[in-house]
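Here the structure is laid out as structure tokens; the discussion comes afterwards.
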């Protein structure tokens with residue numbers, strides 16, 4: 001069974017503060033697995049802490065491999081997983097990004113979505129007002145003919 005790989009920091013915090021990056025590898029069989037950490041393409045060998053293999057109870061396993069790190073802007077951390085069920089290794093990246101960069105991205109996405117919603121409402125209102133004015137003119141014509 002092929003492993004599933006997830007990478008995340010143990011806690012959300014600002015850059016340049018000590019943290020643990022967790023590579024959580026789950027649902028694999030057999031239990032033989034090799035997990036390595038890389039920072040900007042260079043293998044990290046210090047500051048790595050790993051749990052023992054954890055049995056899931058359905059014949060599959062999971063394991064946590066943590067890397068102690070102090071992220072710098074632009075750093076790319078990669079969890080590299082090799083397992084007999086895989087033709088080639090699975091890699092999962094985590095990029096160190098400042099809160100301001102994340103906020104700028106979220107603001108941009110939020111602004112785009114909000115603009116799209118306002119555009120949709122504007123088009124809806126415009127079409128609705130055209131239908132309303134057509135109804136009024138028809139009623140006026142009917143009233144004129146009836147008098």
Considering only strands (runs of 3 or more DSSP E) wholly within the stretch 1-100, the ones with at least 1 residues that are over 17 Å from the mean Cα position of the chain (by Cα) are 19-28, 34-39, 42-44, 48-50, 61-69, 76-82, 90-95
Which of the following residues is buried (at least 17 other Cβ atoms within 10 Å of the Cβ) and at pLDDT 95 or above: 55, 36?
36
I'm trying to understand the selection: among the residues of the stretch 41-52, which are surrounded by fewer than 12 Cβ atoms within 10 Å (Cβ to Cβ) and farther than 18 Å from residue 6 by Cα?
41, 42, 43, 45, 46
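The values are calculated or read from the model by the stated rules, or taken from the named source; none is laboratory data. This structure is a prediction, so every number in the text was calculated from the model and none was measured. For neighbour counting, all protein chains shown are included, and Cβ atoms are generated from backbone atoms with ideal geometry for every residue, glycine included.
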